[in-house]
Amino acid sequence: MRLISAQLIETIGLLQCREVISAWAGQKIARIGVNQLRLKQTLKLLDELCLPYQLVPELVFAKRDVGKGGWSNKFHDKQNISPNKGDHLIYLGNTIEAVSRAMKADFYGEEGDFGDKLGIPSCCIDFYLTHQETAFQKQNDFVPLVFKNTTTLHSFNFWNNYVSQYFGYSLLSFFPCSFNCRHAANLAKNTYDLIHSIVPEQAEKILHFQMQPILYTEYRGIYLFEGAKSESGKTFIRDCTIHSTLNQASRTHQLISQSKEIQVAGKLKIKITSKDEGVIVINNSNWVMCTFI
């Protein structure tokens, strides 16, 4: 399994390999998207695992989020797009019957049932269904909504840091109902133990990035501050490594890189202090500063 996992990571990336491993272990039904260039090799590896799956022959087309490094939380409604930009959806699990039921639930829009088959905690499913329409009005990302639903302002449970997925590392495949949801955290711990038993170096890398503070913006990039220290809602970023989903020449990236600290000042309100002690207050529902312990 270790060798095949390494090949899967190289073929479809760590996040999707996480899904394959979880399905192989019987923890959940998984859905992955694979483009045509990688499809043949992916199916070959799934066959080597003897993992039941169903392939959707029709292509789907991911709609790129603005400012998130090519990430997508939506599909295009229209199909008049170049076929080489499409993906095939693959549903996989430990029995073909379970895979088929999950595929049908997804196809018919039975999202609560589909979420249950994906192994998502019921509290997180309910949260998703309640806030889905609000999230879809933007780019279908729930970070501000999850933050708003979290009772504390900072120092969240790092097991629930799904925002790190934008940098290729996360143990969660869904939006938790809050950054302190114990059910989501327990699921993340189980996923970590599973991945660590197969590819321990990758599991440690995921955990490392899930512990880092992240500034999320809906349209102006996402920023992960590797090595930054956080204390009482303040994150000191002067000497850390800044990872960004935007080009370094962007105005927002320059603002962040020239700052020394970011403070959580309230719900959806942050203060950015520059190196020359100037302060910018941002009160915007599209900006969220997340710190984890």
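Read the figures in this text as sums done on the coordinates, not as results from a lab. The model shown is predicted, which means the values in this text are computed figures rather than measured ones. Ideal geometry is used to build each Cβ from the backbone, glycine not excepted, and the neighbour counts take in all protein chains shown.
Angle check, please: helix 14-24 long axis (alpha carbons) against the longest principal axis of the chain (alpha carbons), in degrees 0 to 90, nearest 10.
With both axes taken from Cα atoms, the answer is about 40 degrees.
Give me Lys189, Lys260 ranked fewest to most by other Cβ atoms within 10 Å of their Cβ, as a rough exposure proxy.
Fewest to most other Cβ atoms nearby, the residues stand as Lys189, Lys260.
What percent do you get for the relative contact order of the chain when only Cα pairs under 8 Å and 6+ apart count?
Rounded, it is 16 percent for the chain.
So what is the 222 nm mean residue ellipticity for the chain from helices alone, if each DSSP H run of at least 4 adds -39500 (n - 2.57) and you divide by all residues, rounding to the nearest 500 deg cm²/dmol?
That calculation yields -11500 deg cm²/dmol at 222 nm.
Over all alpha-carbon pairs in the range 49-160, figure out the percentage whose distance exceeds 26 Å.
32
Once the Cα atoms of helix 96-107 and of the chain are each reduced to a long axis, what angle between those two axes, in degrees from 0 to 90 to the nearest 10, is obtained?
Value to nearest ten degrees: 50.
Please report, to one decimal in angstroms, the Kirkwood hydrodynamic radius of the range 168-262 built from all distinct Cα-Cα pairs.
14.9
Once label points are set 7 Å from the Cα along Cα→Cβ at both Leu15 and Phe136, what is their separation, rounded to one decimal in nm?
2.1
If neighbour count is taken as other Cβ atoms inside 10 Å, put Tyr169, Tyr216 in order from fewest to most.
Tyr169, Tyr216
Quick one: give the max-minus-min coordinate of the C-alpha atoms of the range 214-290 along each principal axis, largest first, in Å.
Cα extents, longest axis first: 28, 26, 21 Å.
Would you work out the charge dipole size for the range 224-293 about its Cα centre, treating the Cβ of every Lys and Arg as +1 and the Cβ of every Asp and Glu as -1, and quote it to the nearest 20 debye?
200
For the range 3-44 and the range 266-293, compute the distance between their C-alpha centroids and round to whole Å.
Taking the Cα centre of the range 266-293 as reference, the centre of the range 3-44 is 37 Å away.
With everything on Cα atoms, drop me the angle between helix 122-136 and the longest principal axis of the chain, reported from 0 to 90° to the nearest 10.
It works out to around 70 degrees.
Going out from 0 in 10 Å bins, what whole percent of all Cα-Cα distances in the range 1-119 drops into each bin?
13, 44, 36, 7
Report the Rg/Rh value for the chain, based on alpha-carbon coordinates and the Kirkwood definition of Rh.
Rg/Rh for the chain comes to 0.97.
When Cys50, Cys177 are ordered from fewest to most other Cβ atoms inside 10 Å of their Cβ, what list results?
Going from sparsest to densest Cβ surroundings: Cys50, Cys177.
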